[in-house]
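Engineer: For reference, the structure I am asking about is given below.
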Amino acid sequence: MRGLGVGATMMPVFAAAYRRLPRERVPQAATTLSAIVQVGGSFGTAVLVLALTRRIAGNFAAHGFATHGGGTGQLSALPREELARVAPLLAGGFGYAFWLALVLTAVALLPALFLLRQQLRESASGPGGPAPSPASPAAVV
C-alpha cells in the first residue's frame with residue numbers, strides 16, 4: 001500500500017516542482033530530483049534493513065539463541081522444535097521495521113502538508129498570482 005501511495009504521489013509532486021521553474025532549468029531539475037529519489041530510496045531501504053536485523057539479533061540474544069553468522073543457513077540449522085520459538089522473534093523484528101516505516105512516513109507527510117497548503121493558497125489567488133523570483137528558494141532546485 002505504501003509503495004502504491006508513493007507511486008501515485010511522485011508525478012504530481014514532480015510536476016508541481018517543474019511548474020515553478022524556468023523552462024531552461026527543467027532538465028537540471030529532472031536529473032537532480034531523480035538522483036534524490038534514487039539515493040533516498042536506497043538510504044531508506046538500508047535504514048529499515050539495519051533496524052530489522054538489529055531487532056531480530058536482539059530478540060535472538062534475549063532468548064538465548066546464538067546470533068553469530070546469520071542468514072537462512074542459521075535458521076535451517078535449528079531443530080524443528082526450536083522453530084516454534086524463533087517464529088515470534090522474527091515476526092517481532094518485522095513488526096518493528098514496519099512500525100518504523102510508518103513513523104518515517106508520518107514524518108515525511110509533515111512537509112507534504114505544507115506543500116499542499118501552499119498549493120491551495122496559490123490556486124485561491126488565481127492564475128495571475130505572483131511568480132517566484134529566480135533567487136527564491138522555491139525556484140532553485
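The values are calculated or read from the model by the stated rules, or taken from the named source; none is laboratory data. Quantities reported herein were computed from a predicted structural model and do not represent experimental measurements. For neighbour counting, all protein chains shown are included, and Cβ atoms are generated from backbone atoms with ideal geometry for every residue, glycine included.
Engineer: Among the candidates Pro79, Pro88, which residue alone is surrounded by 11 or more Cβ atoms within 10 Å (Cβ to Cβ) and of a type outside the set (Val, Ile, Thr)?
Structural biologist: That would be Pro88, the only listed residue that is surrounded by 11 or more Cβ atoms within 10 Å (Cβ to Cβ) and of a type outside the set (Val, Ile, Thr).
Engineer: Tell me whether region 132-139 contains one or more residues that are at pLDDT 55 or above, surrounded by fewer than 10 Cβ atoms within 10 Å (Cβ to Cβ) and hydrophobic (A, V, I, L, M, F, W, C).
Structural biologist: Taking every residue of region 132-139 in turn, none turns out to be at pLDDT 55 or above, surrounded by fewer than 10 Cβ atoms within 10 Å (Cβ to Cβ) and hydrophobic (A, V, I, L, M, F, W, C).
Engineer: What are the residues in region 1-56 that are in a helix (DSSP H, G or I) and among the basic types (Lys, Arg), if any?
Structural biologist: Arg2, Arg19, Arg23, Arg25, Arg54, Arg55
Engineer: How do the pairs read when you match residues in region 89-102 that are hydroxyl-bearing (Ser, Thr, Tyr) with residues anywhere that are part of a helix (DSSP H, G or I), using Cβ under 6 Å and keeping only pairs 6 or more apart or on different chains?
Structural biologist: Tyr96/Arg55
Engineer: Restricting to region 63-111, name every residue that is under 22 Å from Val47 (Cβ atoms) and modelled with pLDDT under 75.
Structural biologist: Once the filter is applied, which keeps residues that are under 22 Å from Val47 (Cβ atoms) and modelled with pLDDT under 75, region 63-111 yields Thr67, Gly70, Gly71.
Engineer: Of all residues in region 1-28, how many are among the basic types (Lys, Arg) and surrounded by 14 or more Cβ atoms within 10 Å (Cβ to Cβ)?
Structural biologist: The number of residues fulfilling the criteria is 2.
Engineer: Only one of these conditions is not met by Arg55: (1) out of contact with any Pro (no Cβ under 8 Å at 6 or more places or on another chain); (2) of a type in the set (D, E, K, R); (3) in contact (Cβ under 8 Å) with a residue 40 or more places away in the chain; (4) over 18 Å from Leu90 (Cα atoms). Which number is it?
Structural biologist: (4)
Engineer: Of all residues in region 5-46, how many are at pLDDT below 85 and acidic (Asp, Glu)?
Structural biologist: 0
Engineer: Does at least one position in region 88-100 carry a residue that is part of a helix (DSSP H, G or I) and in contact with a Leu (Cβ under 6 Å, 6 or more places away or on another chain)?
Structural biologist: Among the residues of region 88-100, at least one is part of a helix (DSSP H, G or I) and in contact with a Leu (Cβ under 6 Å, 6 or more places away or on another chain), which makes the answer yes.
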